[in-house]
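> First the structure, which I've put down as structure tokens, then a few questions once you've had a look.
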Number of protein chains: 4
Amino acid sequence: MSHDALGDARPFIESRGFGGHVTPGQRPAILVVDLARGFTDTRFAIGANLDDVVAANVRLLAAARARDVPVFFFTAAYRPDFKDAGLVPQKQPGCKVLLIGSDAVEIDPRLAPRDNEPVIVKKAPSAFFGTNLDTMLRAAGVDTLIVTGVSTSACVRTTAVDGFSHGFPVLVPRECCGDRDPRAHDANLYDIQAKIGEVISLDEAVTYLRTLSGDNRDPAA
Amino acid sequence: MSHDALGDARPFIESRGFGGHVTPGQRPAILVVDLARGFTDTRFAIGANLDDVVAANVRLLAAARARDVPVFFFTAAYRPDFKDAGLVPQKQPGCKVLLIGSDAVEIDPRLAPRDNEPVIVKKAPSAFFGTNLDTMLRAAGVDTLIVTGVSTSACVRTTAVDGFSHGFPVLVPRECCGDRDPRAHDANLYDIQAKIGEVISLDEAVTYLRTLSGDNRDPAA
Amino acid sequence: MSHDALGDARPFIESRGFGGHVTPGQRPAILVVDLARGFTDTRFAIGANLDDVVAANVRLLAAARARDVPVFFFTAAYRPDFKDAGLVPQKQPGCKVLLIGSDAVEIDPRLAPRDNEPVIVKKAPSAFFGTNLDTMLRAAGVDTLIVTGVSTSACVRTTAVDGFSHGFPVLVPRECCGDRDPRAHDANLYDIQAKIGEVISLDEAVTYLRTLSGDNRDPAA
Amino acid sequence: MSHDALGDARPFIESRGFGGHVTPGQRPAILVVDLARGFTDTRFAIGANLDDVVAANVRLLAAARARDVPVFFFTAAYRPDFKDAGLVPQKQPGCKVLLIGSDAVEIDPRLAPRDNEPVIVKKAPSAFFGTNLDTMLRAAGVDTLIVTGVSTSACVRTTAVDGFSHGFPVLVPRECCGDRDPRAHDANLYDIQAKIGEVISLDEAVTYLRTLSGDNRDPAA
């Protein structure tokens, strides 16, 4: 796999003991983080034009679905009184539009979650925090995570780190992630490649999915 | 408090709904992350000259101890067979020097942990992951976290994010954190200020500690 | 508080180093576990006549609401494909009626959750597992848990144990809990009193709530 | 497998939708909970004569080691100031003998943990709480848990419940568990069989281990 998320810094990073590699397994899952209207629609202050990111995810999902790879969507959604939101309203006031049941928390319809693809409400940056994602992944026999979505510098990166901490090889297809701040996007892909997982291209991700050897259907399906 | 971790980007960040502020409480704790010899001694590949960071922590700890503010140290340490290490050996091969009982995992002696300051072994980037830190903080009545140590782009940032997710106002005194890569240091302080907590100066942290109104002694002490 | 959950065994338990006491604080929350129609309506195989338990909770909730004590309801609810259910369908096949959006997962209307009382979906016995309850309790400044509901031998007990592990004094008003198996009810109250928290009477719980000294309103409210 | 942990109550339990069965996989791990001197040596108030339980574990471990099945030992151990102990000192005062580094927390030498068998310090009843057990199990490719040790009514039962919540089939060989209170032992095996996992005999556990089809060595070994 390509590793240009480190760029010219690779020799430095490797000389200091980082930038190693994790090996994907045969039973990946796709974690699509926060590709909800609130983030993909510029009507919302926290939104951005993410058409390219959405298109990249559409292509990735087509490849995953063709091989029965499990897909999980995540959306942050809060009560109107924000009792479930911790300090999100103070630190990220724009996220107060993410109300349970509102348009803003609906997954972007271009991704069209299927009936067998859970849409999981989360309350914190990580898709693992305050959810039973770990149990769902074990039930599905998953051994590898492909993390996509927004923002690279927040929920994508935090989900990738938690996946690593839980012992999963994590792949992050760069075109499938976005950030309203391009420098933050690059800086976080750099950190992920240095210490957490593998930043790959969408082409590499699709090739990996196509070459999976076995039957990847969720055993519970 | 100063907010220059965002610099010129503050208007942009605020216009997009981020960069809000969290309010520190009256019962902080100091979390000193990974200031072990393996990281502070250049004998080790993963080490760096962190004399300035250590000195800043010495000053912070003096102010904290003067007010009986609880202090917790964290050090990553692994079994020789790395059964407890997840994918750390693959992704961060330099961290394989962090063996339980070795010099590399000992807290830098300049920080001189006191008998009443727990030194907690962790296995993952976050000081919360795989530890009972959350319970210890509740037992100590802590309502605010001051996170310091190394690396800004890995364990400091991940601990800060987990603190935020657990509902704590998080303060990060910038001089008390370090990274072998100055750009990664800056990029992660930027992310923290934008979405997670408050990046402050060491002077501000010391002033905050000095002005605590009440008795901050650990009730269990 | 009374301690007859141990009955004649108290001297034995105490002689072996257990049966100590935890001290409630001034900021309790009520956790009402699984008092959903599926469990309180005998139309369902997993249901039972819990009229007395419901009535006891109604009285407890009235006392709590009169003092602005935070109340959290929990209900187990699953997807039709049970991808979120772990091994519940195998081990507890009767719980397959607990489908998201169905009557069975609705909180018993006699308890009438208020708009400011979160109803939280859980997937496992504990109200803490796979939820962000810990963060919600911290945000609400809670220092004590009153755990009620069904079944004493499953979700109530497991929630009480997790509360203890998180560092909370846990109170369990015995009349507010129920179990389709009276022996299991008694055996689990015994275990809770021996090692986890305080089994009290409904009268004691109401008295405790009435004598709270301060303002218990959720600061986020 | 036999199911007499429910005894005559099986028809009742099944009629109410519980008492189903989980199917063990091909890659079990043994979790030996709290078989430390503090619990197995009658010098300690919290100790009991557990010679039979220890002997049963010796036989189980021999069968496990013969097939390279991973073994994990757990011991509760606290700091002298109990800052890491939550409410254990208040509720379980006898457990204050479980000091880090003391005889009381050493695994019973008759079990003789091997160098490749981690001995993990825990602070709460569950072997999962405040440890990275989940990550270690994933790294070892484990799909089934065999839980043994003491007390049946506390740490064994809580670990079994957490294993279930994490999505693992849990087996509890009854002779390998003990409790200073025989009624509590029976009551908790009943609850486990009703809702959590499979209570089996030691013979059944040994037979299961002997008939494992494949290579069960830890891939990280």
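The numbers here are math on the coordinates, done by the rules we state, and not lab data. Remember, it's a predicted structure, so these values are computed and weren't measured experimentally. Backbone-built Cβ (ideal geometry, glycine too); neighbour counts: all protein chains shown.
> If I take R0 = 25 Å and measure r between the Cβ atoms of residue B:110 and residue B:210 in this structure, what FRET efficiency does the formula 1/(1 + (r/R0)^6) give, to the nearest 0.05?
Once rounded, the FRET efficiency stands at 0.70.
> Quick one: what are the phi-derived ³J(HN,Hα) couplings along segment D:69-83, Karplus 6.51/-1.76/1.60 with θ = phi - 60°, whole Hz, x for glycine and proline?
With coefficients 6.51, -1.76 and 1.60, one gets 6, x, 10, 10, 9, 10, 9, 7, 8, 10, 6, x, 8, 6, 5 Hz.
> Also: With 10 angstrom as the radius, rank A:185, B:21 by how many other C-beta atoms surround their C-beta, starting from the fewest.
B:21, A:185
> Provide the net charge surrounding residue C:202, with neighbours chosen by a C-beta distance below 9 Å and charges set as Lys +1, Arg +1, Asp -1, Glu -1.
Local net charge: -1.
> Take peptide C:141-152, look around each residue's Cβ out to 10 angstrom, count Cβ atoms belonging to other protein chains, and average those counts.
Mean shielding by partner chains, rounded to a whole number: 1.
> In what order do D:102, C:213 fall by count of nearby beta-carbon atoms within 10 Å, going from fewest to most?
In order of increasing Cβ crowding within 10 Å: C:213, D:102.
> Another one. Quick query: amide H of residue C:36 versus all other amide H atoms, modeled in the peptide plane; which residues come in under 5 Å with a sequence gap of 5 or more or a different chain?
Long-range HN contacts for residue C:36: C:108.
> While we're looking at this one, here's another question. For segment A:117-130, take each phi angle, set θ = phi - 60°, evaluate the Karplus expression 6.51 cos²θ - 1.76 cosθ + 1.60, and give the result in whole Hz per residue in order, putting x for glycine and proline.
Result, ordered by residue: 10, x, 10, 10, 7, 10, 10, 9, x, 6, 5, 8, 6, x Hz.
> Name the residues whose placed amide hydrogens come within less than 5 Å of the amide hydrogen of residue B:122, ignoring near sequence neighbours (fewer than 5 apart) on the same chain.
Those lying under 5 Å, H to H, from residue B:122 are B:75, B:76, B:77.
> When you look at the Cβ of every residue in C:75-87, what mean number of other chain Cβ atoms sits within 10 Å?
The per-residue average across the peptide is 6.
> Now for a different question. For the residue pair residue C:65 and residue D:12, what label-to-label distance in nm results when each label sits 7 Å from Cα along the Cα-to-beta-carbon direction?
Inter-label distance under the simple model: 3.5 nm.
> By Cβ position, which chain C residue lies least far from the axis that rotates chain C onto chain D, and what is the distance to the nearest whole angstrom?
Per the Cβ-to-axis criterion, the result reads C:187, 2.
> Where the label is 7 Å out from Cα toward Cβ, how close does residue B:25 come to the same position in every other copy, in nm, shortest first?
0.7, 3.8, 3.9
> Taking the Cβ of residue D:91 as the centre, find all other residues whose Cβ is under 10 Å away and add up their charges (Lys, Arg: +1; Asp, Glu: -1).
0
> Note down the relative contact order for segment A:26-83 as a percent, whole number, built from C-alpha pairs under 8 angstrom at least six residues apart.
Value for segment A:26-83: 47 percent.
> When you count, for each residue, the other Cβ atoms within 10 Å and take the mean per peptide, how do A:75-82, C:168-175 rank with the highest first?
Highest mean packing first, the order is C:168-175, A:75-82.
> What is chain B's relative contact order, in percent, from Cα pairs under 8 angstrom and six or more apart in sequence?
Relative contact order for chain B comes out at 30 percent.
> As a footprinting exposure proxy, order A:200, C:30 by other Cβ within 10 Å, with the fewest listed first.
A:200, C:30
> Put a point 7 Å out from Cα along the line to Cβ at residue D:12; what are the distances to that point in the other copies, in nm, shortest first?
2.2, 6.9, 7.1
> If you don't mind, there's one more thing I want to ask. With the cut-off at 27 Å, tell me which of the pairs A:122/B:123; C:123/D:83; A:195/B:122 have Cα atoms farther apart than that.
Violating the 27 Å limit, Cα to Cα: C:123/D:83.
> Along Cα-to-Cβ, 7 Å out, sits the label point; list in nm, shortest first, how far the one on residue D:49 is from those in the other copies.
In nanometres, ordered from closest: 4.8, 6.8, 8.2.
> With unit charges on the beta carbons (Lys and Arg positive, Asp and Glu negative) and the dipole taken about the Cα centre of segment A:78-145, which residue among A:130, A:105, A:89 sits farthest to the positive side?
So the residue we want is A:89.
> Hey, another quick one. Quick check on chain B: helices-only [θ] at 222 nm, where DSSP H runs of length 4 and up contribute -39,500 (n - 2.57) each and the sum goes over total residues. Nearest 500, please.
Per the formula, -8500 deg cm²/dmol.
> Work out from phi, with θ = phi - 60° and the Karplus expression 6.51 cos²θ - 1.76 cosθ + 1.60, the ³J(HN,Hα) of each residue of segment D:48-57, listed in order in whole Hz, and give x for Gly and Pro.
Karplus-based 3J(HN,Hα) across segment D:48-57 equals 8, 6, 10, 4, 5, 5, 4, 4, 5, 5 Hz.
> What percent antiparallel are the DSSP beta bridges of chain D, to the nearest 5?
Once the DSSP bridges in chain D are tallied, antiparallel ones form about 5 percent.
> When the chain is fully extended, how far beyond the present Cα-Cα distance does residue D:55 get from residue D:203, taking 0.36 nm per residue of separation?
Here the answer is 52.0 nm.
> Let me ask something else about it. With just the Cα atoms defining each centre, how far is segment A:127-156 from segment C:11-55? Give it in Å.
Taking the Cα centre of segment C:11-55 as reference, the centre of segment A:127-156 is 33 Å away.
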